[in-house]
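To keep things clear, I will list the structure first and then write my remarks on it.
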Amino acid sequence: MTSQAMTLPPLAQYKPLDKYTPEYGDFVIWRKWFITWYGVVTGVDKFSNLTVIFENSPTLLLTLRESEIPKHTKKIPLSNIFNRSIPGLTFQKVEKGNVVWYVA
């Protein structure tokens, strides 16, 4: 039996944070000193604020009841993301079938 080399896709693809264009459904990780928040982008308003629903675990995030969502929703100015005044933000999105991480 001969073994054939398999070509696998890269384990992770990444781009610089300043190349990020927000879209509905993008996954967000916000790492702070003693806690990590997980979120999902739900929109960008006309004032260039990114709207994200955050929770401190992916399970809690994905099982939030509709009535709990407003309490966990944050608006983040895009300018704060791109000038990196909010450290610890990482975004993940699917582009042309590939998962791409946007990191600072």
ask   = Which pairs do you get when a residue that is surrounded by 11 or more Cβ atoms within 10 Å (Cβ to Cβ), found in region 13-24, comes within reach of a residue that is modelled with pLDDT under 90 and assigned to a loop (DSSP other than H, G, I, E, B), reach meaning Cβ atoms under 8 angstrom, with the pair 6+ apart or on two chains?
value = Leu17/Arg84; Leu17/Ala104
key: Residue among Phe34, Phe91, Phe47 that is surrounded by 12 or more Cβ atoms within 10 Å (Cβ to Cβ) and among the aromatic types (Phe, Trp, Tyr)   = Phe91
request  = Tell me which residues, restricted to region 25-38, are in a strand (DSSP E or B) and either among the hydrophobic types (A, V, I, L, M, F, W, C) or free of Cβ contacts under 8 Å to residues at least 24 places away in the same chain (or both).
outcome  = Phe27, Val28, Ile29, Trp30, Thr36, Trp37, Tyr38
task = Please find, within region 43-74, the residue that is nearest to Val103 (Cα to Cα) out of those that are of a type outside the set (Ser, Thr, Tyr), over 14 Å from the mean Cα position of the chain (by Cα) and outside any helix (DSSP H, G or I).
result = Asn49
request  = Could you tell me which numbered condition Ile81 fails, if it satisfies all but one of (1) part of a strand (DSSP E or B); (2) under 12 Å from Tyr20 (Cβ atoms); (3) aliphatic (A, V, I, L, M)?
outcome  = (1)
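The values are calculated or read from the model by the stated rules, or taken from the named source; none is laboratory data. This is a predicted model, so every value here is computed, not measured. Note that each Cβ is placed from the backbone with ideal geometry, even for glycine, and that neighbours are counted across all protein chains shown.
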